[in-house]
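Note sheet for the following structure.
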Amino acid sequence: MIQITDLFIYPVKSLKGIALDNSQTGQRGLEFDREWMITDNAYNFISQREIELMTTIETKIDSSSLILSSPQNRRLKVPLESNRINKVKVMVWDDYCDAYDEGDEASSWLTEALGTHKGSSLRLVRFDQKDKRLVPKKYLNGVHAESAFSDQFPYLITSWESLSKLNNGLLENNSKKVSMNRFRPNIVIKGLSDIEKMTSFNLTCEKGDYQFGLRKPCKRCKITTINQETGEVENPKEPLATLVKLKNSEESHGAFFGQNAILLSDYGVLRVGDLLELNR
């Protein structure tokens, strides 16, 4: 039995996530996921790869605002509905995207909370819903998929079986176990081993409400070495070194954990506790 145990969104790329009981699906991911992003003054994206302390900024969404909270108990409220006029081009990896700059107040707040990056202050931008950032065709098998400010795919699915396997390997290497939040998943499931080897399989809700296509094992980066509660790097080699040894994926050399996924069905509602079926 495969079951959804946890759901998460990360409204601002690389800041803390929000645990949910349910969420609306969409072509670009769960509602509000990676809809905002932090950039430098030239609108190049910035993540925990550059500023580890980004993970200490909490996020919340209420009926009218995105709310950011710093460890110093400072808060920033960004209206969900506003007359956005400062349209900009932003860079996320190799893609140029249309976005809206959320203004100088947000910029000052972020820069004070996190500092500058290479001499540049920080900006907060929101994805332009009219833009289309397409998932590369080679992963789609003829279907259509988009993303907002995620690295490439709209959904990341991980399993507790993979985390247990990893933590057993870490203990054998005399390293500390890690938490699931190191991998910043959207959907966490139990009941499926070796999800990293399930590329081209589908996960379908037993009720028929939605279907995901597993399209590419997720190759992990240095963000997994960052404690997501403190922003500290306790061991710069782990868990990446152990993931390489485990050879989770049949792909070429690398550290893999979880599956990148796309939505194959019409929009639906995911719920913690939903039962899923694995099929082709």
>> Out of the residues in the stretch 60-78 meeting the condition of being in contact with a strand residue (DSSP E or B) (Cβ under 6 Å, 6 or more places away or on another chain) and under 21 Å from Leu20 (Cα atoms), tell me which one is surrounded by the most Cβ atoms within 10 Å (Cβ to Cβ).
In response: Leu68
> Do any residues in the stretch 244-257 that are more than 14 Å from Asp194 (Cα to Cα) have Cβ atoms under 6 Å from those of residues that are at pLDDT 90 or above, where the two are at least six apart or on different chains, and which pairs are they?
Replying inline: Val244/Ala255; Gly254/Lys219
>> Being more than 17 Å from the chain's Cα centre (by Cα) and without any contact (Cβ under 8 Å) to a residue 60 or more places away in the chain is true for just one of Lys207, Lys190, Lys197. Which residue is that?
In response: Lys197
>> Looking at (1) in contact with a helix residue (DSSP H, G or I) (Cβ under 6 Å, 6 or more places away or on another chain); (2) more than 30 Å from Gln211 (Cβ to Cβ); (3) touching a residue at least 60 places away in the same chain (Cβ under 8 Å), which one does Ser14 not meet, given that it meets all the others?
In response: (2)
>> among the β-branched types (Val, Ile, Thr), in contact (Cβ under 8 Å) with a residue 12 or more places away in the chain, within 27 Å of Ser69 (Cβ to Cβ) and assigned to a loop (DSSP other than H, G, I, E, B): is that true of Val143 in this structure?
In response: no
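Taking the stretch 234-275, which residues are β-branched (Val, Ile, Thr), within 19 Å of the chain's Cα centre (by Cα) and not in a loop (DSSP other than H, G, I, E, B)?
Selection gives Ile262, Val269.
Across the stretch 3-46, what is the total count of residues that are in a loop (DSSP other than H, G, I, E, B) and either under 12 Å from Leu122 (Cβ atoms) or among the hydrophobic types (A, V, I, L, M, F, W, C) (or both)? Give the steps one after another, and end with the answer.
Of the residues in the stretch 3-46, the ones in a loop (DSSP other than H, G, I, E, B) are 10-11, 13-17, 21, 25-35, 40-43.
Then keep just the ones that are either under 12 Å from Leu122 (Cβ atoms) or among the hydrophobic types (A, V, I, L, M, F, W, C) (or both); that gives 14-15, 30, 32, 40-43.
Counting residues in the stretch 3-46 that are in a loop (DSSP other than H, G, I, E, B) and either under 12 Å from Leu122 (Cβ atoms) or among the hydrophobic types (A, V, I, L, M, F, W, C) (or both) gives 8.
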>> Exactly one of these conditions fails for Ser252: (1) surrounded by fewer than 16 Cβ atoms within 10 Å (Cβ to Cβ); (2) at pLDDT 95 or above; (3) hydroxyl-bearing (Ser, Thr, Tyr). Give me its number.
In response: (2)
>> Give me the strands (runs of 3 or more DSSP E) completely within the stretch 49-102, filtered to those with at least 1 residues that are more than 17 Å from Arg123 (Cβ to Cβ), ordered by residue number.
In response: 58-61, 65-69, 75-79, 95-101
> Which of (1) surrounded by 15 or more Cβ atoms within 10 Å (Cβ to Cβ); (2) more than 19 Å from Ile226 (Cβ to Cβ); (3) in contact with a Lys or Arg (Cβ under 6 Å, 6 or more places away or on another chain) is the odd one out, the single condition Asp95 does not satisfy?
Replying inline: (1)
>> Looking only at the stretch 72-126, filter to residues that are among the hydroxyl-bearing types (Ser, Thr, Tyr) and closer than 22 Å to Ile61 by Cα; which one of those is modelled with the lowest pLDDT?
In response: Ser82
>> Being touching a residue at least 60 places away in the same chain (Cβ under 8 Å), within 18 Å of the chain's Cα centre (by Cα) and either in the same structural domain as Thr224 (by TED's automatic domain parsing) or part of a helix (DSSP H, G or I) (or both) narrows it down to one residue among Leu124, Leu156; which is it?
In response: Leu156
>> Can you list the strands (runs of 3 or more DSSP E) lying wholly within the stretch 178-221 that have 3 or more residues being out of contact with any Pro (no Cβ under 9 Å at 6 or more places or on another chain) and more than 12 Å from Gln259 (Cα to Cα)?
In response: none
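The values are calculated or read from the model by the stated rules, or taken from the named source; none is laboratory data. Just so you know, these numbers come straight off a predicted model, no measurement behind them. Every residue, glycine among them, receives a Cβ derived from its backbone with ideal geometry; neighbour counts consider all protein chains shown.
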